[in-house]
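Single-structure report; data block below.
The values are calculated or read from the model by the stated rules, or taken from the named source; none is laboratory data. Remember, it's a predicted structure, so these values are computed and weren't measured experimentally. No Cβ is skipped: glycine too gets one built from the backbone with ideal geometry, and neighbour counts run over all protein chains shown.
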Amino acid sequence: MTPARTSAVASLPYVETLRLVDHHCHGVLRGPVDRTGFEQMLTEARVTGELAGSLFDSQIGFAVRQWCAPILDLEAGADPDRYLRRRAELGPEELTGRFLRAAGLGTLCVDTGYLPELVLSPAELGAAAGAAAYEVVRLEAVAERVARSGISAAGFADAVRSQLAEEARNAVAVKSIAAYRVGLELSGTRPTDVEVAAAAGRWLAAAADASRVRLADEVLHRFLVWCGIDAGLPIQFHVGYGDADIELHRCSPLLLTDLLRALAPTGVPLLLLHNYPFHREAGYLAQVFPNVFMDVSLATHNVGRRAGALIAETLELAPFGKVLFASDAFGLPELYYLGSLLFRRGLGQVLREGLDEESWTDADAARIARLIGVENACRVYGIGPR
Ligand SMILES: [Zn+2]
């Protein structure tokens, strides 16, 4: 396998050759995408057009042209039209194979809660990447399936618990998307089954038919988090940066402080995903709570050549044993490759600067790279390195 190529600028052999654990990603789209679809999936924007300009004119757009073009046998910096033509020529399967193999991934933890019918399954994704693949179950998706089954409010709590036990049988983690629905200001108090039944009653009554079932209730999101705790599974939280559905001012990880304090005695790992632009706040939480971990996924590829600055800011406070690599790639195979490549470039740059300043030794830099790229995730999820 060819590891992700970075550049001579910050290249460190022990960063380049890591077989990364991508602890949070999604599936690759099965079908082709047109130009509009490609530009939209490149960033979190939903709409492009004349007024908005091209999303190729962004840090990630330039990263695609610079770093992804050579994987398609084009010269670095190929223009967008040429890039998209070549993409269409090769087709989805070939693109997926090329980018995923080039990403140098050893293990994938795949969130199957978003548009599962359109994307590769964890097993298919793992096969394309030559990596082990595990599933991450989205809590709200479980609750919504239970709601659609026609359950009564009184039976809701038990039904969710047994449905989760069934669906998460082989999963390595669960994930909360409370950030998308109600924001992160979740109380630290565990809701009683009576409170859950009352909240479920309001929700089920308001959702007049199955197509309108969309969970957005603070009590129920909090209940789901405690279900994850009871199941003993690490819990991933969407935090910060996301698409236009999010109200970003409600997604600072600091809003989770009350809940994190309540969950600390359980010792169950809690993983703050993405975090940008609140990665320094997340670093604080990762420092003070023994079971809190973080990544800067999604942002790492969106900020393109600024990935080094992002990783440097993250590692100001966050202990090196608390930071994990993830891409949060969805849909486009380019994003798995760029997530990996820009992480390696960024981390390499940070470690190289420390070496040049004699802040740490080469042996320590290699150890930090292994922790962040592989070993922290193996410890959190109880999985072996590959
Ligand atoms: Zn995600």
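One residue stands out among those in region 162-200 that are under 21 Å from His249 (Cβ atoms) and among the aliphatic types (A, V, I, L, M): the one that is nearest to the ligand (Cβ to nearest atom), which is Ile177. The residues on offer are Ala69, Ala88, Ala123, and the sole one that is touching a helix residue (DSSP H, G or I) at 6+ places or on another chain (Cβ under 7 Å) and either at pLDDT 95 or above or polar (S, T, N, Q) (or both) is Ala69. Restricting the first member to region 225-247 and to residues that are touching a residue at least 12 places away in the same chain (Cβ under 8 Å), and the second to residues that are surrounded by 18 or more Cβ atoms within 10 Å (Cβ to Cβ) and among the polar types (S, T, N, Q), the beta-carbon pairs closer than 6 Å and six or more apart or on different chains are Val225/Ser176; Phe237/Ser176; Val239/Asn275; Gly240/Asn275. Taken as a whole, region 227-242 holds at least one residue that is within 16 Å of the ligand (Cβ to nearest atom), aliphatic (A, V, I, L, M) and modelled with pLDDT of 95 or more.
Matching residues to (1) free of Cβ contacts under 8 Å to residues at least 60 places away in the same chain; (2) in a loop (DSSP other than H, G, I, E, B); (3) more than 21 Å from Phe237 (Cα to Cα):
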site	(1), (2), (3)
Ala128	no, no, yes
Tyr134	no, no, no
Val160	no, no, no
Leu186	no, yes, no
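If you go through region 129-161 and pick out every residue that is buried (at least 21 other Cβ atoms within 10 Å of the Cβ) and more than 16 Å from the ligand (Cβ to nearest atom), you end up with 9. Among the conditions (1) touching a Pro at 6+ places or on another chain (Cβ under 6 Å); (2) at pLDDT below 95, the only one that Gly104 does not satisfy is (2). Where helices (runs of 4 or more DSSP H) fall entirely within region 270-372, those with at least 2 residues that are in contact with a Gly (Cβ under 9 Å, 6 or more places away or on another chain) and under 19 Å from Ser58 (Cα atoms) are at 299-302, 307-317, 333-356. Annotation: of all residues in region 243-266 being hydrophobic (A, V, I, L, M, F, W, C) and farther than 17 Å from Ala318 by Cβ, the one that is farthest from the ligand (Cβ to nearest atom) is Ala262. State yes or no: is Glu167 under 21 Å from His24 (Cα atoms) and surrounded by fewer than 21 Cβ atoms within 10 Å (Cβ to Cβ)? So Glu167 fits the description; yes.
If we keep just the residues of region 33-46 that are under 19 Å from Gly242 (Cβ atoms) and of a type outside the set (A, V, I, L, M), which is surrounded by the most Cβ atoms within 10 Å (Cβ to Cβ)?
Start the filter on region 33-46 by keeping residues that are under 19 Å from Gly242 (Cβ atoms), which leaves 37, 39-46.
From what's left, of a type outside the set (A, V, I, L, M): 37, 39-40, 43-44, 46.
On the way: Gly37: 15, Glu39: 22, Gln40: 18, Thr43: 17, Glu44: 14, Arg46: 9.
Here the residue is Glu39.
Among the conditions (1) surrounded by 13 or more Cβ atoms within 10 Å (Cβ to Cβ); (2) modelled with pLDDT under 90; (3) basic (Lys, Arg), the only one that Arg30 does not satisfy is (2). Given the condition surrounded by fewer than 18 Cβ atoms within 10 Å (Cβ to Cβ), within 26 Å of Ala123 (Cα to Cα) and hydrophobic (A, V, I, L, M, F, W, C), answer yes or no: does some residue in region 65-79 qualify? Within region 65-79, not a single residue is surrounded by fewer than 18 Cβ atoms within 10 Å (Cβ to Cβ), within 26 Å of Ala123 (Cα to Cα) and hydrophobic (A, V, I, L, M, F, W, C).
Select, from Gly339, Gly331, Gly346, the only residue that is at pLDDT 95 or above, more than 16 Å from the ligand (Cβ to nearest atom) and either on the phi > 0 side of the Ramachandran plot or crowded, with 21+ Cβ neighbours inside 10 Å (or both). Reasoning before the result, please.
Numbers: Gly339 fails: more than 16 Å from the ligand (Cβ to nearest atom); Gly331 fails: more than 16 Å from the ligand (Cβ to nearest atom).
Just one listed residue meets the conditions, Gly346.
Pairs meeting the criteria (first residue in region 11-25 and within 8 Å of Val374 (Cα to Cα) and away from the ligand (no atom under 16 Å from the Cβ), second residue modelled with pLDDT under 95 and part of a loop (DSSP other than H, G, I, E, B), beta carbons under 6 Å, at least 6 apart or on different chains) are Arg19/Arg386.
Note on region 233-251: residues that are out of contact with any Pro (no Cβ under 9 Å at 6 or more places or on another chain) and farther than 16 Å from Cys109 by Cβ total 9. Going by the conditions given, is Ile246 surrounded by 14 or more Cβ atoms within 10 Å (Cβ to Cβ), modelled with pLDDT under 95 and either part of a loop (DSSP other than H, G, I, E, B) or not small (Gly, Ala, Ser) (or both)? When the stated conditions are applied, Ile246 passes them. Return yes or no: is Pro269 surrounded by fewer than 24 Cβ atoms within 10 Å (Cβ to Cβ), more than 16 Å from the ligand (Cβ to nearest atom) and farther than 26 Å from Gly106 by Cα? The answer is no for Pro269.
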